[in-house]
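Notes follow once the structure below has been shown.
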Amino acid sequence: MKWILASLMFAALSSQADTFSKEDVARWQGEYDSVAKYGRTLWTNSAKIKLGTNGVACAQCHPNGANSHPETYPKFQKQLGKVTQFWEMVNWCIRNPLQGKDLQPGSKEMTALIAYAVSERKGVKLEPGKH
Amino acid sequence: MSFKFSRREFGKAGLAAGALATLPISLVRLAFADSAQDFTFAYISDSHIQHIKGKEFVRNWDQGLKRAVAECNLLLPKPDFVIYGGDLAQLGTKPELDHGAEIMSACKHKVHYVMGEHDYYLDLGEYWSKLFGPHTYSFDHKGVHFVVLNSILTTDEWTFKRWPTAKQRMDEMAGLDNPNGSPFMVGEKQREWLKKDLEKVDKNTPLVVLSHSPLQKIFKNWNFWTDDAEQVQAILKPFKKVNVLYGHVHQIQYNKIGNIAFNSVMATAWPWPYPQSYALAESHLPVLTVPMNRADPFFERDATGWQFIGMNSGRVNATFQLPDNDTRKVAYNTKTDKPEDVSFQDPAKRIPPQNHY
Ligand SMILES: [Fe+2]
Ligand SMILES: [Fe+2]
């Protein structure tokens, strides 16, 4: 029994690790798109979960995610005195204009916000550090 | 770190002292052909007073309007009147309009109001009218004819048939980048009214047209747009000096199309990105416009403010009062016959924060 399981696992691994199909690619893209879509609902304050306490939405100041510039991160923010990551500025805006509480960097919501912001910058070239 | 800024509240005395120290009121009068037509007025717009619940409103937007009113009251020489450029409320509710009207009631000058889409789409401007009067009107002041239009109307189908509730209609129009929105228009009825109104006006009389949306086409995605702009411009064409002043865009823009000079005004609430910052759609920011500085999010009033306007020989000179940044001035240059920024119009004089992407 033990022997059979081990060899099955070996077979499964060797046939999946180095290749994927068109269907896989489509499915993975779909996963990304649905997370970006959830990000849009958070961005426009139309998700069940609210990022802030005052009803203000990111989209009020960043329509289509504009002026969030994910392609420039990480970059130096003089007010924070260090090179910061995109999520730190997301949290800055959650705490201040939205009067809300920081999201965990790896949380479902933060991932969705980032997925949405970059989706609106498709085709814009990476310019880390740019101001 | 400057985190305290967002919590900064200024008492009346503190504000007055600060504002007095920083308001560079220099309404210096240049040489004018016809000084009888020279006067000043102030322009406040887009405060987006936003109700949270009960007696709570979004503090940031309240502060923007309070500050504009307080500073406006300090103007010397006194402006002849004030224009409120629309979007006083965020979702057009009675509490928002009442609260906005209450803050505006501290203004010591006569105020003429313009309708914004955030004021309109809940009850189609009914309560707004009770507070501020008609949506469309005109008046004469020192030889200049002023026209106020409600430029944020749209199709009857969108307004009356598409949405199950008035609240949903308001919410759909309130999202600037919402694809369910609909392009603004002045509409045939008002265009007919405008033709009639202008029949009795001499073609040499300077005109100032006040609308909420730009009466020109800049960026459709965010409704920096009026669908029947060309038709309205055609009605204005026979007049020698036409000036259009508009809000809605929450940023400095200016342009000249034929005889018509366009100037936008800033918001007291928050600034908007320039259309070119949205990489996925085409836009047409007037080439004449030198953008304002990109806003610093660490100063919540940055890139917001109000403006005082000098009417000089029938043309508009706009001074943009930015509490957290340098004053900008866009004046009508009679040599080039265009509105121009007095400091930055020359491309060699532009500065890095004016680069929007
Ligand atoms: Fe507005
Ligand atoms: Fe507006």
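Would you call A:Met89 facing chain B (nearest Cβ under 9 Å) and either open to solvent by 20 Å² or more (accessible area, probe 1.4 Å) or modelled with pLDDT of 95 or more (or both)? Answer is yes for this residue. For the residues B:Leu124, B:Leu97, the requirement of being more than 14 Å from chain A (Cβ to nearest Cβ), within 16 Å of ligand 1 (Cβ to nearest atom) and more than 15 Å from the chain's Cα centre (by Cα) singles out B:Leu97.
To keep it simple, each residue is scored yes or no on (1) within 16 Å of ligand 2 (Cβ to nearest atom); (2) within 14 Å of chain A (Cβ to nearest Cβ); (3) among the small types (Gly, Ala, Ser).
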residue: B:Asp171; (1), (2), (3): yes, yes, no
residue: B:Lys189; (1), (2), (3): no, no, no
residue: B:Phe224; (1), (2), (3): yes, yes, no
residue: B:Glu230; (1), (2), (3): no, no, no
residue: B:Lys241; (1), (2), (3): no, no, no
residue: B:Gly258; (1), (2), (3): no, no, yes
residue: B:Ala261; (1), (2), (3): no, no, yes
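Of all residues in the range A:92-121, which are farther than 20 Å from A:Tyr32 by Cα, within 14 Å of chain B (Cβ to nearest Cβ) and in a loop (DSSP other than H, G, I, E, B)? Result: A:Asn96, A:Pro97, A:Leu98, A:Gln99, A:Gly100, A:Asp102. Hey, among the residues in the range B:306-357 that are of a type in the set (Phe, Trp, Tyr) and open to solvent by 20 Å² or more (accessible area, probe 1.4 Å), which one's nearest to the other protein chains (Cβ to nearest Cβ)? Filtering first and then ranking leaves B:Tyr357. Residue count for the range B:236-270, restricted to those that are assigned to a strand (DSSP E or B), aliphatic (A, V, I, L, M) and touching a Gly at 6+ places or on another chain (Cβ under 8 Å): 1.
Being more than 21 Å from the chain's Cα centre (by Cα) and assigned to a helix (DSSP H, G or I) is a property that holds for B:Asp171.
Of the candidates B:Val232, B:Val201, the single residue that is of a type outside the set (Ser, Thr, Tyr), in a loop (DSSP other than H, G, I, E, B) and over 22 Å from B:His48 (Cα atoms) is B:Val201. Please go through the range A:73-86 and give me each residue that is more than 9 Å from every other protein chain (Cβ to nearest Cβ) and either assigned to a helix (DSSP H, G or I) or surrounded by 16 or more Cβ atoms within 10 Å (Cβ to Cβ) (or both), ordered by number. Once the filter is applied, which keeps residues that are more than 9 Å from every other protein chain (Cβ to nearest Cβ) and either assigned to a helix (DSSP H, G or I) or surrounded by 16 or more Cβ atoms within 10 Å (Cβ to Cβ) (or both), the range A:73-86 yields A:Tyr73, A:Lys75, A:Thr84, A:Phe86. Against the test of being farther than 22 Å from B:Leu75 by Cα and surrounded by 22 or more Cβ atoms within 10 Å (Cβ to Cβ), the options B:Ala261, B:Ala269, B:Ala303, B:Ala279 yield a single qualifying residue, B:Ala261. Checking each residue in the range B:69-97 for being basic (Lys, Arg) and either in a loop (DSSP other than H, G, I, E, B) or modelled with pLDDT under 95 (or both) picks out only B:Lys78.
Candidates in the range A:49-65 are the residues that are touching an Asp or Glu at 6+ places or on another chain (Cβ under 7 Å) and open to solvent by less than 10 Å² (accessible area, probe 1.4 Å); of these, the one that is farthest from B:Met266 (Cα to Cα) is A:Gly65.
The values are calculated or read from the model by the stated rules, or taken from the named source; none is laboratory data. For clarity, every value in this text was computed on a predicted model and none was experimentally measured. For neighbour counting, all protein chains shown are included, and Cβ atoms are generated from backbone atoms with ideal geometry for every residue, glycine included. Each accessible area value is taken on the protein alone, full model and side chains, heavy atoms only, with ligands, DNA and RNA left out. Shrake-Rupley method; radii C 1.70, N 1.55, O 1.52, S 1.80 Å.
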